[in-house]
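> One structure coming up, written as structure tokens, with questions to follow.
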Protein chains: 2
Amino acid sequence: MKKRIYSLTLLFITFIFPASYAEDGYRLWLRYEKVENPSLLKNYREAFSEVIVFGNSPTVTMAKEELRIGLNGLLGEQVLMSTSTTKESALVAGTPLNSELIASLNLDKRLSPLGDEGYMLLSTKNKDKNLIVIAGNTDIGVLYGTFHLLRLIQTNEPIHSLNLVNKPKIQHRILNHWDNLDRTVERGYAGFSLWDWHKLPDYIDTRYLDYARANASIGINGTVLTNVNANALVLTEPYLKKAAALADAFRPYGLKVYLTARFSAPMEIGGLKTADPLDPGVRAWWQAKAEEIYNYIPDFGGFLVKADSEGQPGPHNYKRTHAEGANMLADAVAAKGGVVMWRAFVYSHETPDDRAKQAYNEFKPLDGQFRDNVLIQVKNGAIDFQPREPFHPLFGAMPETPLMMEFQITQEYLGQGTNLAYLAPMYKETLDAETYAKGKGSTVAKVVDGSLEGHQLSAIAGVSNIGTDRNWTSHHFAQSNWYTFGRLAWDHSLSSETIAEEWLSMTFTNEREFIDPVKSMMLDSREAIVNFTTPLGLHHLMGWSHHYGPGPWIDNKHRADWTSVYYHRADSAGIGFDRTATGSNALAQYSPPIQEKFSNPKTIPQEFLLWFHHLPWDYRMASGNILWDGMVYKYYEGVDQVREMQRIWNQMEPFVDAERFEHVQTFLMIQEKEAVWWRDACVLYFQTFSKRPIPAGLEEPRHSLEYYMGLNPRYVPGI
Amino acid sequence: MKKRIYSLTLLFITFIFPASYAEDGYRLWLRYEKVENPSLLKNYREAFSEVIVFGNSPTVTMAKEELRIGLNGLLGEQVLMSTSTTKESALVAGTPLNSELIASLNLDKRLSPLGDEGYMLLSTKNKDKNLIVIAGNTDIGVLYGTFHLLRLIQTNEPIHSLNLVNKPKIQHRILNHWDNLDRTVERGYAGFSLWDWHKLPDYIDTRYLDYARANASIGINGTVLTNVNANALVLTEPYLKKAAALADAFRPYGLKVYLTARFSAPMEIGGLKTADPLDPGVRAWWQAKAEEIYNYIPDFGGFLVKADSEGQPGPHNYKRTHAEGANMLADAVAAKGGVVMWRAFVYSHETPDDRAKQAYNEFKPLDGQFRDNVLIQVKNGAIDFQPREPFHPLFGAMPETPLMMEFQITQEYLGQGTNLAYLAPMYKETLDAETYAKGKGSTVAKVVDGSLEGHQLSAIAGVSNIGTDRNWTSHHFAQSNWYTFGRLAWDHSLSSETIAEEWLSMTFTNEREFIDPVKSMMLDSREAIVNFTTPLGLHHLMGWSHHYGPGPWIDNKHRADWTSVYYHRADSAGIGFDRTATGSNALAQYSPPIQEKFSNPKTIPQEFLLWFHHLPWDYRMASGNILWDGMVYKYYEGVDQVREMQRIWNQMEPFVDAERFEHVQTFLMIQEKEAVWWRDACVLYFQTFSKRPIPAGLEEPRHSLEYYMGLNPRYVPGI
């Protein structure tokens, strides 16, 4: 462990460096550039004449270093780190337990409801001293408060009358890394896995610490290191030692390690003949395995499991239910406070009449059968992270079971590594959706945070977009999605606008002439991709396997519900998937108010039109266009939106360092190409059914349908 | 191309940053820290009162920027960049063609023999001005001279009486990247491939430019982008466009792009039914393909080919010779000045009596049959990059054919990503070896540089150790091997000591108390690995497939000459491969003076003893020890040497930044573990044959032989 303490100073050296250094994006939103506004700078300097951080745990040490480095940067001068107040004004940080000064402020009544992770920020006077106080019940609360205070300064907020309390709405805020042991990352577009398993446990890359610190800065408190398409090897001794070394590195930042459990592990690495969850030998094996893990990682968070899905083994192999499978694992980790996150993303080997219905059909009947420490991890929508999906019908349908949200941060279907897609609007769309489970106001967010049904246990997961790329996320703007996930996981009531503004201020500049146009560009960016890939409720039209680029022609040479034609159902009559009572009736899985509204193509939100309805090409839309024209206009609008993004960005050159400006500019150029590729391929392909012309005034497709169908990109990242 | 010009400024921002930035190793040996010696600093500042670089080609722009950035750093003040001399003293750089001032110095007689890449560095007086002159016949000569001058300052050399000419001894100095299109790197231990093929040609990572610049700084002028185990796809249009974008990025640095040609490409991507090199259709296909490549890359360097080896297709599939195969490709690129580098690393599908003999047997008879633009690329030794091999018997044996050297920079058999092995002594050992082809003085180096037989065409290749790791090469000290390869490729007469000292001064510090001990540590480092892995001429004892760790027990479940037992031939009687007349007689492939000396175990250099002789365990060595004891002592000595390296390094803390100090310290700790692993595993395994005790006074093995044989490292990088 000595090694790790040495590394603390290194970490900060690595992360913080002078502004003259190339802006390669490594610093993320923790840049701490000097405050430009002179009067604000003066205020801040006065308020922080000295800084006192109480305590000396590893977590407190992180808070202290963060304040020292952060304020040195923001104030443009060396801040005085003291152990007691000697000046007129000071920043003090601590808990009532580790600081008499904090205890003397009598904050207990306001602090105690804030729990283990909450904090107060307070401007107050104490014995003639002006104090800015960061107070928490725990050291990690103090660290979270530290990042909040620094964010206020980074975004040029006033601090003279601070009086706020804050705590997370969701208990477990977790990144899911789909990282394989060979360092490839499934659906990873930012290089390779951060985890250099081969050199662990001996070598702790400083980047592991930078990663943990960035997560702490946005309140992420858990990380699943390995792919849900799991490899049982990670549960063997050599890999547990490696995982433990990562857990040690992350611990000061409040970041817990979780692992994916391959259901057949007892056979693959345990030498058993079965993995039947009711078999006593299997149960004992998992019990012993959990104990072994807790020996290595005393605060191990628990297991994430993908079972009976896409070829992964599971309890169905033994004619057991998901509940029986999950409960076995839950029993193994319960004594140490571990949880099991059991994914609802399942579908059987046989092609169902509608894949969208399957998770609901399998899991709803199990409501009430799961152990208290089991969470069902549900993707935001019922298909698979499409650019737009209606919320998953399981939300609100399993009142006795804590359901956790699984968002995808990595842009599998949203332009992968090179497209600018700010995802807060997409996450918010789902979180704010009305389930009507208990009448109006029963939002998905309330299901997830546990408040709707009064669950104590709550969690949210985001499939990571982080890799070895120097800027962590391939696209500089993809950093905003990591940031957004953390911020919304902490407080889902934040608006997309607020988060974008925070992130832009911290990552680029506080200049309004930059923030306003770029924020608007971000807010429109996801819709642009919806438009040029899958407008009006279309979905699952991407290229085979790598999911890069368009593939609306992918047909049933393959398993039907992995094809595109299964989902768009285009024919000479029309297009769309009838999920109303005349079709698969997936709509029946939703509450009656939704059924009523969505069953009628005139009242359904137009963005879900073809998700639920198969309509004729000449169906007259609310806009007055026939469906064909309306769809084509959407595809063209998507491309236009990308070009508008290019126009906006090109004007931002004065506000952005050359390196990031050019990087984003190049990526937008790539996005424009890909948008045209999508638009042309889809419009030309669907035209073979509609037999209708592209409306007048729109530019010609760049190439023929044959050309687009002949493209065969190879070695696409992320498979 | 506009994009690339924008990037130039970025490049320098990326590469050069203040000393306060974390020393993560990214800057390699181009750190340009301020000169510490005050009187030297004063001298340098006076001499470089202003800097004038003539010309404005992309290459000249690079030289100008390098001088500006380099001198700003080294002198600790902004250097004055002028267009004509206005001060008393100046640095001037240019060619007689682009500068009247340079032309007026009448250097032509000394310049003209220096060719396209040579340069002069000269201190002179001109019209009462004190000038330091960098003069070349070409812009690239000026750039190379620029790096030389900067190196002199970095290493604190005097510059007041400069008067030197310099040119490379070898024409083509080439890195071989064994990089696959999916970004994995065969035998790569420093992360993944630098080439982000998916985002090419649109996105030019600034790292590509940093890579080219680093190569230029040590005179490397070519790079083979792709693995010798070749993928024909790289010859298709999409990939040629990508390769062309890299070539454009590299061009200003004098770095040419080469590609690997898969022999069966005409069938795989050309739709032909054969790849027979005498088939007119095949010949026409390659001709057209070469023309296509030259359209994309006008200065394309040519092809590197691995044929009829380890499963790669080749002319033998059609009962043609290597010469017929190579000549077909040579004809395709000849008109544009391209070359074909045809590897001699071949062995047939059938296990030969001695794999060491095969390349010689196949290639020597073909001497004289190759086109003028074919080079035969020969590994330093006849087996495969072992920690020590005698020089390859082909050197000196094919007088009518230019033979080029293939060294391995990546440490496949030398501790991979975590061991400290300075390879100059290994390269020098081969280059300085006497072939006696034309009597004494007929060194391998003279074969390679063409001087022995008067070949104009000459080349040298190094299998790259470069990857996406932030410090480029995984181990900070592995940077020295990239550096060494470049320096020796330029001038093989440089000593290992000189190169180590240069590199240490530039990469760490000029302090003697650092350089002397660390240089001695570097000079011993490769021998340490020989000792703890394969002492006394043992070879090929490593783990299966990944080659990580020991595997002396690997036996003939597999193809015999891929096993370990094939090479060590240990039995109850003794150990070693008899390659004398009583055995495989591979020794007969060498010149008579070598045969004579090596055939006798008493006169053969002891480091090759068991390469050529099978000897009894109680054979009495020159040292007085019996063979078993002598071998065991060597294994233990290897571990002791690693511990001595640790001892030395631990004393270097005052001289090294914390980040690199700790990094190297951790890696040495890993190396110590691996050294013990190798030592114990080999000694315990061979003891099962010798039935003799480990000599008294040596520490006990840490684990049993069964333990070591049971280790099964998974997901080792570089396969």
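The values are calculated or read from the model by the stated rules, or taken from the named source; none is laboratory data. Not measured: the values here are computed from a predicted model. Here Cβ is always computed from backbone atoms with ideal geometry, including for glycine, and neighbour counts include all displayed protein chains. Surface areas here come from the heavy atoms of the whole protein model, side chains and all, with no ligands, DNA or RNA. Shrake-Rupley method; radii C 1.70, N 1.55, O 1.52, S 1.80 Å.
> Given a cut-off of 27 Å, name the pairs among A:Lys289/A:Lys319; A:Lys319/A:Lys379; A:Lys199/B:Lys306 whose C-alpha atoms lie farther apart than that in the structure shown.
Checking Cα-Cα distances, A:Lys199/B:Lys306 exceed 27 Å.
> Still on this structure: Going 7 Å from the Cα of A:Thr155 in the Cα-to-Cβ direction, what parts of the stretch A:94-128 have a backbone nitrogen less than 19 Å from that spot?
A:118-123
> Treat the stretch B:570-706 as a sphere of radius equal to its Kirkwood radius over Cα pairs and apply Stokes-Einstein at 4 °C in a medium of 1.567 mPa s; give the translational diffusion coefficient in µm²/s, rounded to a whole number.
Reported coefficient: 75 µm²/s.
> How large is the helix-only mean residue ellipticity at 222 nm for chain A, computed as the sum of -39500 (n - 2.57) over DSSP H runs with n ≥ 4, divided by its residue count, in deg cm²/dmol to the nearest 500?
After summing the helix terms and dividing by residue count, I get -11500 deg cm²/dmol.
> How big is the stretch A:41-113 by the Kirkwood estimate over distinct Cα pairs, in Å?
Across the stretch A:41-113, the inverse of the average 1/r is 13.0 Å.
> A follow-up question, please. For B:Glu513, which inter-copy label distances result when the label point lies 7 Å beyond Cα on the Cα-to-Cβ vector, reported in nm to one decimal and in ascending order?
Here the equivalent label points are 5.4 nm apart from this one.
> If you roll a 1.4 angstrom probe over the protein chains with everything in place, what fraction of the accessible area of the stretch A:64-118 belongs to carbon and sulfur, to the nearest %?
On the stretch A:64-118, the fraction of accessible area on carbon and sulfur atoms equals 49 percent.
> In 10 Å bins starting at 0, how do the alpha-carbon pair distances of chain A split up by percent?
P(r) for chain A, in whole percents per bin: 3, 14, 24, 26, 19, 10, 3, 0, 0.
> Can you list the aspartates and glutamates whose alpha carbon sits under 17 Å from that of B:Lys519, skipping same-chain ones fewer than 8 residues off?
B:Glu497, B:Glu501, B:Glu502, B:Glu511, B:Glu527, B:Glu644, B:Glu653
> Consider just the alpha-carbon atoms of the stretch A:668-719 and return their Rg together with their Dmax, both in angstrom.
12.8, 40
> Please report how far the C-alpha centroid of the stretch B:619-688 lies from that of the stretch B:231-251, rounded to the nearest whole angstrom.
Going from one Cα centre to the other spans 44 Å.
> Can you tell me the Rg and Dmax of the stretch B:330-401, counting just the alpha carbons, in angstroms?
Computed over the Cα atoms of the stretch B:330-401, radius of gyration and Dmax are 13.5, 42 Å.
> Go through B:Ala243, B:His568, B:Ser599 and say which Cα lies farthest out towards the positive end of the charge dipole of chain B; charges sit on Cβ, +1 for Lys and Arg, -1 for Asp and Glu.
My answer, from the dipole projection, is B:Ala243.
> Still on this structure, please answer the following. Taking 0.36 nm per residue of sequence separation and subtracting the Cα-Cα distance, how much length would be gained by fully extending the chain between B:Asp618 and B:Ala581, in nm to one decimal?
Taking B:Asp618 through B:Ala581 to full extension adds about 11.1 nm, to one decimal.
> Roughly how tilted is helix A:2-15, in degrees to the nearest 10 and between 0 and 90, from the longest Cα axis of chain A?
In chain A, helix A:2-15 runs at an angle near 70 degrees to the longest axis.
> Once the Cα atoms of helix A:322-334 and of chain A are each reduced to a long axis, what angle between those two axes, in degrees from 0 to 90 to the nearest 10, is obtained?
The answer is roughly 10 degrees.
> Further question on the same structure: What do you reckon, how do B:His614, B:His568 stack up by accessible area (1.4 Å probe), largest on top?
Greatest to least solvent exposure: B:His614, B:His568.
> Moving on. Kindly state, to the nearest 0.05, the FRET efficiency for A:Arg512 paired with A:Met81, given R0 = 25 Å and r defined as their beta-carbon distance.
For A:Arg512 and A:Met81, the calculated efficiency is 0.15.
> Taking each label point as 7 Å beyond Cα in the direction of the beta carbon, state the distances from B:Leu40 to the same residue in the other copies, shortest first, in nm.
Ordered by distance, the counterparts are at 4.6 nm.
> Compute the signed sum of charges (Lys and Arg +1, Asp and Glu -1) over the other residues within less than 11 Å, Cβ to Cβ, of A:Asn531.
Once positives and negatives cancel, what remains is -1.
> When you take every Cα atom in the stretch B:194-259, what is the radius of gyration, and what is Dmax, the widest Cα pair distance, in Å?
11.5, 32
> Let me spell out the model: positive unit charges on the Cβ of Lys and Arg, negative unit charges on the Cβ of Asp and Glu, origin at the Cα centre of the protein assembly as shown. What dipole size does that give, in debye rounded to 20?
80 debye
> May I ask for the angle, rounded to the nearest 10°, between helix B:38-47 and the longest principal axis of chain B, with both axes built from Cα atoms and the value confined to 0 to 90°?
So the inclination is approximately 50 degrees.
> OK, next. Stick to Cα atoms and the Kirkwood definition of Rh, then tell me Rg/Rh for the stretch A:428-570.
1.03
> Treating the point 7 Å from Cα along Cα-beta-carbon as the label, what are the nm separations from A:Lys364 to the other copies, to one decimal?
Label-point distances to the other copies, shortest first: 8.2 nm.
> Which lysines have a Cα less than 18 Å from the Cα of A:Lys438, not counting those fewer than 8 places away in the same chain?
Leaving aside lysines fewer than 8 places away in the same chain, those within reach of A:Lys438 are A:Lys364, A:Lys446, A:Lys597.
> Sticking with this structure for a sec: Using the Cα centre of the stretch A:549-700 as origin and beta-carbon charges of +1 (Lys, Arg) and -1 (Asp, Glu), tell me which of A:Val664, A:Thr688, A:Gln589 is placed farthest towards the positive end of the dipole.
With unit charges placed on the Cβ atoms, the residue in question is A:Gln589.
> Quick one: if the Förster radius is 56 Å, what FRET efficiency do A:Glu699 and B:Ser545 give, using the C-beta to C-beta distance and rounding to 0.05?
It comes out at approximately 0.55.
> Further, regarding this structure: If you put +1 on each Lys and Arg Cβ and -1 on each Asp and Glu Cβ, how big is the dipole of the stretch B:61-174 around its Cα centre, in Debye rounded to 20?
240 debye
> Could I ask something else about it? Please name which of B:Ile204, B:Val51, B:Gly94 has its Cα lying farthest along the dipole of chain B towards the positive end, using unit charges on Cβ (Lys, Arg +1; Asp, Glu -1) and the Cα centre as origin.
B:Gly94
> As a test of the definition: with a 1.4 Å probe, what buried accessible area, both sides summed, do you compute for B against A, in Å² to the nearest 100?
The contact between A and B buries close to 3900 Å².
> Can you tell me the accessible area per residue over the stretch B:596-719, all protein chains present, probe 1.4 angstrom, in square angstrom?
Roughly 45 Å² per residue, with all protein chains present.
> Separate question: Calculate the dipole size of the stretch B:159-237 relative to its Cα centre from +1 charges on Lys and Arg beta carbons and -1 charges on Asp and Glu beta carbons; express the result in debye to the nearest 20.
Using only the charged Cβ atoms, the result is roughly 500 debye.
> To continue, here is another question. Can you list, bin by bin at 5 Å, the percent of alpha carbon pairs in the stretch A:503-659, starting at 0?
The distribution over the stretch A:503-659 is 2, 8, 14, 16, 15, 13, 11, 8, 7, 5, 1, 0, given as percents.
> What percentages make up the Cα-Cα pair-distance distribution of the protein assembly as shown when the bins are 10 Å wide from 0?
So the P(r) values, bin by bin, are 1, 8, 14, 19, 20, 17, 12, 6, 2, 0, 0.
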